[in-house]
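S.K.: My questions all concern the structure below.
The values are calculated or read from the model by the stated rules, or taken from the named source; none is laboratory data. Quick caveat: nothing in here was measured; it's all calculated off a predicted structure. Don't worry about glycine lacking a Cβ; one is built from the backbone with ideal geometry, like all the others, and counts go over all protein chains shown.
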Amino acid sequence: MDGRPGVRQLFSDVPIQMCHFHQKQIITRYLTDNPKLEAGIELKKITATLCQSNERTFTAAIYDWHQKWLLFLKERTTDPLTGKWFYTRKRLRSAYRSLKINLPYLFTYQKHPELNIPNTTNVLDGCFAYLKELVRVHRGINKTLKKKIIQEILTKRDPVFPH
C-alpha cells in the first residue's frame with residue numbers, strides 16, 4: 001500500500017505491506033531532500049536504510065533516534081499575538097510519527113515470506129492506468145456506475161489483469 005490509512009481499515013484481516021518507496025517519499029516531503037537540522041539529517045539516514053534493514057534493527061534505530069531527540073521534539077513556540085503555543089518542529093515530529101504509525105506494516109514481507117509480498121508497489125506501476133483511462137473517458141457517469149464498470153473489468157479475464 002502507499003500509505004493511505006483507509007486501505008488498512010478496509011483490509012484489516014489481510015497482511016498489509018507499506019511500500020518502502022512511498023514511506024521514504026513521505027519522509028522526504030516532511031524533511032526535504034536536504035534537511036538542515038541534525039535530527040532531520042539523522043532521521044533521513046535511518047529511513048535510507050529501510051530497504052536493507054529488518055524490523056528489529058530498524059525499530060531499534062527509530063527508538064534510539066526518538067530517545068536522543070525527545071526534548072528537542074517537545075520544544076514549543078508561543079505565538080506572541082495569540083499567546084497560543086505550537087510545537088517548534090512540526091514537520092520533524094510528523095516525519096517521525098509517520099514512521100511510528102507505519103512501522104507495523106513496513107516489514108510484513110519479512111514476517112510472511114510464504115506470501116512472496118514485495119516491499120514496494122513497483123510491480124503495480126501502470127497497472128491501474130488502464131482503469132483510470134476508462135473511467136476518465138466516461139467522466140460523465142455517476143460514481144455508482146463507475147464502480148460497477150471497474151468491478152466488471154476486474155472480475156472478467158483481461159490481459160491487463162490476469163487471474
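S.K.: Can you pull out every residue in segment 106-145 that is at pLDDT 80 or above, surrounded by 10 or more Cβ atoms within 10 Å (Cβ to Cβ) and of a type in the set (D, E, K, R)?
M.R.: Result: Lys111, single match.
S.K.: Taking segment 52-68 only, how many residues are of a type outside the set (A, V, I, L, M) and either loosely packed, with under 14 Cβ neighbours inside 10 Å or touching a Cys at 6+ places or on another chain (Cβ under 6 Å) (or both)?
M.R.: First, the residues of segment 52-68 that are of a type outside the set (A, V, I, L, M): 52-59, 63-68.
Applying the additional criterion that residues be either loosely packed, with under 14 Cβ neighbours inside 10 Å or touching a Cys at 6+ places or on another chain (Cβ under 6 Å) (or both) yields 52, 54, 56-57, 63-64, 67-68.
Qualifying residue count, segment 52-68: 8.
S.K.: Still on this model: Take segment 69-89 and flag every residue that is exposed (fewer than 12 other Cβ atoms within 10 Å of the Cβ) and in a helix (DSSP H, G or I).
M.R.: Leu70, Leu71, Lys74
S.K.: Take the conditions farther than 30 Å from Thr32 by Cα, outside the structural domain of Asn54 (by TED's automatic domain parsing), modelled with pLDDT of 75 or more and not in a loop (DSSP other than H, G, I, E, B) and apply them to Ile149. Does it pass?
M.R.: Against the criterion (farther than 30 Å from Thr32 by Cα, outside the structural domain of Asn54 (by TED's automatic domain parsing), modelled with pLDDT of 75 or more and not in a loop (DSSP other than H, G, I, E, B)), Ile149 qualifies.
S.K.: Of all residues being farther than 17 Å from Arg93 by Cα and touching a residue at least 12 places away in the same chain (Cβ under 8 Å) in segment 9-46, which is surrounded by the fewest Cβ atoms within 10 Å (Cβ to Cβ)? Just the residue, please. Even if it seems obvious, please write down each step before you answer.
M.R.: Step one: of segment 9-46, the residues farther than 17 Å from Arg93 by Cα are 9-22.
Those left that are additionally touching a residue at least 12 places away in the same chain (Cβ under 8 Å): 15-22.
Details: Pro15: 12, Ile16: 16, Gln17: 20, Met18: 28, Cys19: 21, His20: 21, Phe21: 16, His22: 16.
Going through the qualifying residues, I end up with Pro15.
S.K.: Which condition number does Lys36 fail, the rest of (1) among the charged types (D, E, K, R); (2) under 22 Å from Arg8 (Cβ atoms); (3) part of a loop (DSSP other than H, G, I, E, B) being met?
M.R.: Of the numbered conditions (1) among the charged types (D, E, K, R); (2) under 22 Å from Arg8 (Cβ atoms); (3) part of a loop (DSSP other than H, G, I, E, B), the odd one out for Lys36 is (2).
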